[in-house]
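The values are calculated or read from the model by the stated rules, or taken from the named source; none is laboratory data. None of the values given here were measured: they were computed from a predicted structure. Cβ coordinates were reconstructed from backbone atoms using ideal geometry, including for glycine residues, and neighbour counts include every protein chain displayed. The area values use the complete protein model at the heavy-atom level, side chains included, leaving out ligands, DNA and RNA. Shrake-Rupley method; radii C 1.70, N 1.55, O 1.52, S 1.80 Å.
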Amino acid sequence: MSQGRGKYDFYIGLGLATSSSIFTGGSFILKKNGLLRLARKGSMRAGQGGHAYLKEWLCWAGLLSMGAGEVANFAAYAFAPATLVTPLGALSVLVSAILSSYFLNERLNLHGKIGCLLSILGSTVIVIHAPKEEEIETLNEMSHKLGDPGFVVFATLVVIVALVLIFMVAPRHGQTNILVYITICSVIGAFSCLYLFEKMRKQ
């Protein structure tokens, strides 16, 4: 019975993780379309102090889609191992690439196609060969792990680096270098790589 239940939970987690990638990947396309519509209307860009995007329904649709993707991703950790859910997040890149070719008339060059292929191969290898994750059954166990010195140091460094990037680097170089904002997203997203999204599942 437990084996059947475990298999059932695995497929639920797999479906949630896959749907999360679809929602997240699609959200970028929706928001990009909304921003392009605003640009055609001559609205001031958000980076220049404009707030027209708050009245654009495509931007809100993209935001809601991203929220749905994050909720599905968070829920997936309750059913499937983190070693399965986390690598499947790379599928959002593929979804964005495919949808952008249809809705934004963007074309992937050779390097982009190679990158998509490597994302698929990397996710597959990690899922197949990932070690079994450690079970966490109680909130006390979760609290103990969150208080681990290694995680505390890691979390502190992440917060410091994120604040420096947001308040010092982004205002100076954010408008000319997109890597600044990509790094901010990556640094904050690094929390999901450790204990914060460990599943809490009873045997």
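Before moving on, here are some points about what is shown:
- Residues being open to solvent by less than 20 Å² (accessible area, probe 1.4 Å) and touching an Asp or Glu at 6+ places or on another chain (Cβ under 8 Å) - total across the range 50-81: 2
- Reported count of residues in the range 1-31, each being at pLDDT 85 or above and out of contact with any Cys (no Cβ under 7 Å at 6 or more places or on another chain), is 17.
- When each of Val169, Val187 is tested for being within 26 Å of Ala76 (Cβ to Cβ), assigned to a helix (DSSP H, G or I), modelled with pLDDT of 80 or more and open to solvent by less than 80 Å² (accessible area, probe 1.4 Å), the lone residue that passes is Val187.
- Matching residues in the range 115-130 - criterion: being over 18 Å from Ser92 (Cβ atoms) and either surrounded by fewer than 11 Cβ atoms within 10 Å (Cβ to Cβ) or modelled with pLDDT of 80 or more (or both): Ile128, His129
- Taking residues in the range 154-178 that are touching a residue at least 60 places away in the same chain (Cβ under 8 Å), and partners anywhere that are open to solvent by 70 Å² or more (accessible area, probe 1.4 Å) and assigned to a helix (DSSP H, G or I), the pairs with Cβ atoms closer than 9 Å and at least 6 places apart or on different chains are Gly174/Tyr181; Gln175/Gln48.
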